[in-house]
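Encoded as structure tokens, the structure appears first; notes follow it.
The values are calculated or read from the model by the stated rules, or taken from the named source; none is laboratory data. Note that the structure is predicted; figures quoted are calculated from it, not measured. Virtual Cβ from ideal backbone geometry, glycine too; neighbours counted across all protein chains shown. Areas reflect the complete protein model, heavy atoms only, side chains present, ligands, DNA and RNA absent. Shrake-Rupley method; radii C 1.70, N 1.55, O 1.52, S 1.80 Å.
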Amino acid sequence: MGNKTHRRPPGATCRKPPTDLVILSLLTMLLAQTTSMLAARTAAACSATGIAALAVPIARKFATVSAANPASRSHKVVVVGGGSAGLSISHQLLLHGKFRPDDIAIVDPTEWHHYQPGWTLVGGGLKTREQLRQPLKSLIDPKLKFYNEQVATLSPDEDSITLANGDKLSYEHLVVVPGIKIDYSSIKGLPEALADPDAPVSSIYGYDTCAKVFDTVKKLQNGNAIFTQPAGVIKCAGAPQKIMWLALDHWKRAGLYNPRNPASSPINISFATGLPVMFGVPKYSAALEKLRQERGVEGLFQHDLVAIDGNKATFARAGGDPAAGQVTREFDFLHVVPKMGPQDFVKNSKVANEAGYVAVADATTRSTKYPNVWSAGDASSLPTSKTAAAITAQAPVLVGNLLRSMEGKKPELEYDGYTSCPLTTEYGKVLLAEFKYAGVPKETFGSLLGLDQAVPRRAFYYMKRDFFPWVYFKYMVKGTWAGPKGWTR
Ligand code: UQ1
């Protein structure tokens with residue numbers, strides 16, 4: 001676990017600006033509301049259990065079959081994926097009260113459900129990776145049918161999917177939310193470097209590699225530290241620099257980095273990104289570029305990491321002049337963000353667009369090819385930043401539109417592209433970027449309190465570190481948290 005000074009940054013108790021106090025009071029009020037809601041919900045749950053007990057005997061029973069004899073089963077809704085989107089959507093559907101046990105099925109091959117936004121905090125030594133996971137099965141309501149299996153193929157023309165064990169599931173509606181995969185082999189030498197405990201190469205993007213990040217940060221005493229971000233689509237485009245700002249702060253506190261005189265500091269810091277700017281939204285990009293310059297971090301823009309060989313990192317000059325070719329840099333510390341892309345069974349299916357993402361309408365989340373297919377989250381074509389916060393706004397739209405369409409109505413609910421990136425800029429401060437389609441800011445506390453969220457704040461840090469992980473496991477995956485709109489019941 002982390003250095004204690006990181007848990008309570010200097011001044012945390014005595015230097016709170018008034019705006020932080022207001023935000024914290026708002027959160028306290030929300031928490032108080034939750035406590036009273038909890039009491040009400042416990043009473044309601046007791047009576048609901050009674051009703052559920054009566055309902056079980058009439059629940060649809062499925063024949064058990066041997067592996068040699070693949071089964072064919074039918075559900076009203078099949079949800080492919082038990083991640084943030086899959087759990088939120090399945091439970092929101094269930095809470096609507098229109099489905100019987102086993103009407104809705106979730107398909108996911110994994111054993112653990114991870115709170116991935118927390119892996120930056122693991123990299124910063126603020127949490128352990130074990131604190132941020134729960135067995136997937138434990139998060140699924142027993143009234144949902146859970147297939148702990150990999151999907152092999154999607155057959156939207158036949159309204160069915162096939163599992164890796166050969167079983168076939170047919171559906172009235174299909175929700176495709178399996179997320180995206182991390183392509184470690186997209187960078188030559190990366191899998192070997194990550195697996196080598198002596199190589200100072202790590203990544204906050206995987207359960208297996210995020211614990212190595214803080215170890216390598218602590219080990220570095222001098223030399224070149226490089227943080228990379230690839231060209232192309234990734235989950236949470238702010239995370240590659242969130243971990244850089246935390247590491248910079250750690251080295252600053254350890255006396256190894258002086259932002260005002262980087263040239264004479266034992267450690268040099270570079271941000272090598274495949275993109276031409278610090279962030280995709282101009283408002284926040286300007287604030288982050290200012291931070292980069294003030295803190296003496298070298299910006300290697302349009303540098304896309306392609307290979308690691310010993311202590312040498314090679315970058316392709318992404319988006320630039322092809323004649324510029326490749327650049328090689330020596331490093332003593334390397335934080336890598338690999339390329340990411342759609343799962344093969346999605347990419348190879350008829351629901352995918354040319355890039356391999358599930359082709360859906362930007363507003364309704366309904367497939368542009370099949371009226372009974374839906375998608376949200378990382379696997380979808382929705383042109384917004386891929387984050388858990390985005391799911392809080394996408395899930396209610398998808399669920400509302402799917403239910404309308406089951407009743408023969410038009411899908412009228414509209415998603416505006418809302419997403420958010422709580423960006424750690426140091427221990428104790430977060431810049432809470434919130435925006436919608438086309439990079440237009442949509443700030444919750446900006447409109448509520450009239451403050452500028454491009455300014456990093458302490459209250460947002462506590463939200464990121466403590467409030468979001470708590471509300472995620474307690475409410476969001478259960479279908480009762482709608483992000484900036486608060487609790488839904
Ligand atoms: C949010 O609801 C959420 O989910 C729990 C996050 O964690 C992944 C977030 O990062 C954000 C920003 C939200 C949005 C909620 C508010 C109150 C701004």
Inset, instruction - Any chance you could run the full-extension gain for E354 through T368? It's 0.36 nm times the residue separation minus the Cα-Cα distance, nm to one decimal. - result: 3.8 nm
Inset, instruction - Quick one: dipole size for the stretch 324-377, taken about the Cα centre, charges +1 on Lys/Arg Cβ and -1 on Asp/Glu Cβ, in debye to the nearest 20. - result: 300
Inset, instruction - Highest first, please rank the peptides 410-416, 278-284 by the mean number of other Cβ atoms sitting within 10 Å of their residues. - result: 278-284, 410-416
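So what is Rg over Rh here for the stretch 330-489, counting just Cα atoms and using Kirkwood for Rh? The partial results should precede the final answer.
Details: Rg = 17.7 Å, Rh = 17.4 Å.
Rounded to two decimals, Rg/Rh equals 1.02.
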Inset, instruction - Express in nm, to one decimal, how much length is gained between Q131 and R489 on full extension, taking 0.36 nm for each residue of separation and deducting their alpha carbon distance. - result: 126.3 nm
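Would you mind working out the accessible area per residue for the stretch 115-176, using a 1.4 Å probe, and quoting it in Å²?
Numbers: 2490 Å² over 62 residues.
Per-residue accessible area for the stretch 115-176 comes out at 40 Å².
For R253 and E412, what is the calculated FRET efficiency with R₀ set at 56 Å and r taken between the beta-carbons, to the nearest 0.05?
Values: r = 53 Å, r/R0 = 0.94.
Once the sixth-power term is evaluated, E becomes 0.60.
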Inset, instruction - Using Cα pairs closer than 8 Å and at least 6 residues apart in sequence, work out the relative contact order for the stretch 239-385, in percent. - result: 12
Legend entry - With every protein chain in place, the stretch 184-343: carbon and sulfur % of accessible area (1.4 Å): 51
Legend entry - Surface per residue (accessible, 1.4 Å probe) for the stretch 324-453, Å²: 36
Inset, instruction - Taking every Cα atom in the stretch 61-205, find the radius of gyration and the maximum pairwise distance Dmax, and write them in Å. - result: 18.2, 55
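E149 to K188: extension gain in nm, 0.36 nm per residue of separation minus the Cα-Cα distance? Write down the numbers at each step before the final one.
Working: separation 39, 0.36 × 39 = 14.04 nm, distance 3.06 nm.
Length gained between E149 and K188: 11.0 nm.
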Legend entry - Mean Cβ count within 10 Å, highest first, over the residues of peptides 226-235, 295-304: 226-235, 295-304
Inset, instruction - Give the calculated FRET efficiency between A307 and L95 to the nearest 0.05, with a Förster radius of 45 Å applied to their Cβ-Cβ distance. - result: 0.40
Inset, instruction - In whole angstrom, note down how far apart the Cα centers of the stretch 444-489 and the stretch 204-253 are. - result: 24
Legend entry - Centre separation in Å (Cα based) which lies between the stretch 341-386 and the stretch 125-159: 19
Inset, instruction - Please find the FRET efficiency linking E330 to S264, where r is the Cβ-Cβ separation and R0 is fixed at 30 Å, and quote it to the nearest 0.05. - result: 0.95
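Sorted by average packing, counted as other Cβ atoms within 10 angstrom per residue and highest first, what order do 95-106, 473-484, 238-249, 335-346 take?
Details: 95-106: 17.2, 473-484: 19.8, 238-249: 25.5, 335-346: 21.6.
Those peptides, ordered most packed to least, come out 238-249, 335-346, 473-484, 95-106.
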